[in-house]
1. Across bins of 5 angstrom width beginning at 0, how are the C-alpha pair distances of the stretch 51-204 distributed, in whole percent?
2. Using a probe of 1.4 angstrom, how much of the accessible area of the chain is carbon and sulfur, in percent?
3. What full-extension length gain, to one decimal in nm, is calculated for Val141 and Thr272 as 0.36 nm per residue of separation minus the Cα-Cα distance?
4. Straight-line reach from Lys79: which aspartates and glutamates have a Cα under 15 Å away, not including same-chain ones fewer than 8 places off?
5. Specify which residue in the list Ile112, Met33, Ser136 is farthest towards the positive end of the charge dipole of the chain, using unit charges on the beta carbon of Lys, Arg (+1) and Asp, Glu (-1), about the Cα centre.
6. Suppose a student asked you for the relative contact order of the stretch 65-138, using Cα pairs under 8 Å spaced at least 6 residues apart; what percent would you report?
7. Under 12 Å between alpha carbons, and skipping anything fewer than 8 positions from Lys87 in its own chain: which aspartates and glutamates qualify?
8. Would you be so kind as to identify all helices of the chain, as entire DSSP H runs, whose Cα atoms reach 24 Å or more along the helix's own axis and whose mean Kyte-Doolittle hydropathy is at least 0.0?
Amino acid sequence: MDTNVSSPSMFILLGLSDVPYLQVTCFLIFLLMYIITLAGNLLLIIVVRINPNLQTPMYFFLSNLSFIDICFSSTIVPKILVNTLAKDRSISLIGCALQMYFSLALGATECIILAVMAFDRFAAICRPLHYSTIMSRMLCVTLAVGSWMTCFMNSSIHVFITFQLPYCKSHHISHFFCEIPPFLQISCTDTRLNEIAMYVSAGIIVMMSFFLTLISYIHIISTILKIQSSQGRQKTFSTCTSHLTVVTLYYGTIMFMYLRPRSAYLPETDKTVSILYTVVTPMMNPFIYSVRNKDVKFTIINTLNIFNTFKTL
């Protein structure tokens, strides 16, 4: 393939490593993480569906989050697995555009859903008497649908302007999936407008989601500190710690990746950071949200007991 052509039909994803034994290790690790991601998130969705006690706004958004994580991981990890062992690491222009489109859209949707979940915890803890009125079913559905639609429209704009750029420096992408920053690095034209669009978009979606989450938790912590009983404070705060863990990891890595100047991009560092929010976080989410949750654990144990009872009959 001629690397001087400015409108390529294929790109080459350089992946994580060229060392044979590391490739096998990476393949096994990512395969295991992908299986855990699918199983954990699917199990959480099923648990929420079958337990009447979990038909609340918090679990409605948590199911959304699990579905996003399944799709997000499936957009990226299968290609990592194929490219880790395959000699041909090429990806078609259409395949690359679709991967970028869905990964951007799903990643941004997760940002907003996490912020909405923080608002839900604010309403539950700070406005308990008005919680059912504030977080009505109509509002929950509107917030979820609005998040998905906004982020998918935003993603289509970025994919369109990214693939309008000429790529004459190289068609080799120093990454394991099609993400905007590495593409700006290999373009042979001025990418300032693309960078501005990326910063504005990331600023609006990520930073606004982050600040909504931050404001919600300032009010939540303030309310918790007013609780007289130390046991009551601990019980109330325990419902928020899992969400805070996810928010810190996810927002931190996303902001690091998309809100830096182009000159600060370092391929190896960017790959590591990208792994955290595309592979590690989707795997961790169902465990973070279920480990401290008695209702989720009870439903899982009860379901397994029923399954074992039928099995022994």
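1. 2, 8, 16, 17, 15, 13, 10, 8, 6, 4, 2, 1, 0
2. Carbon and sulfur together cover 70 percent of it.
3. Going from the current span to full extension adds 43.7 nm.
4. Cα-Cα hits under 15 Å: Asp88, Glu179.
5. Ser136
6. Numbers: 23 pairs, mean separation 27.1, N = 74.
Worked out over the stretch 65-138, it gives 37 percent.
7. Asp18
8. Qualifying helices: 20-50, 57-85, 93-126, 137-162, 208-225, 230-258, 294-312.
The values are calculated or read from the model by the stated rules, or taken from the named source; none is laboratory data. The structure displayed is predicted, hence computed values, not measured ones. We place every Cβ from the backbone using ideal geometry, glycine too, and count neighbours over all the protein chains shown. Surface areas here come from the heavy atoms of the whole protein model, side chains and all, with no ligands, DNA or RNA. Shrake-Rupley method; radii C 1.70, N 1.55, O 1.52, S 1.80 Å.
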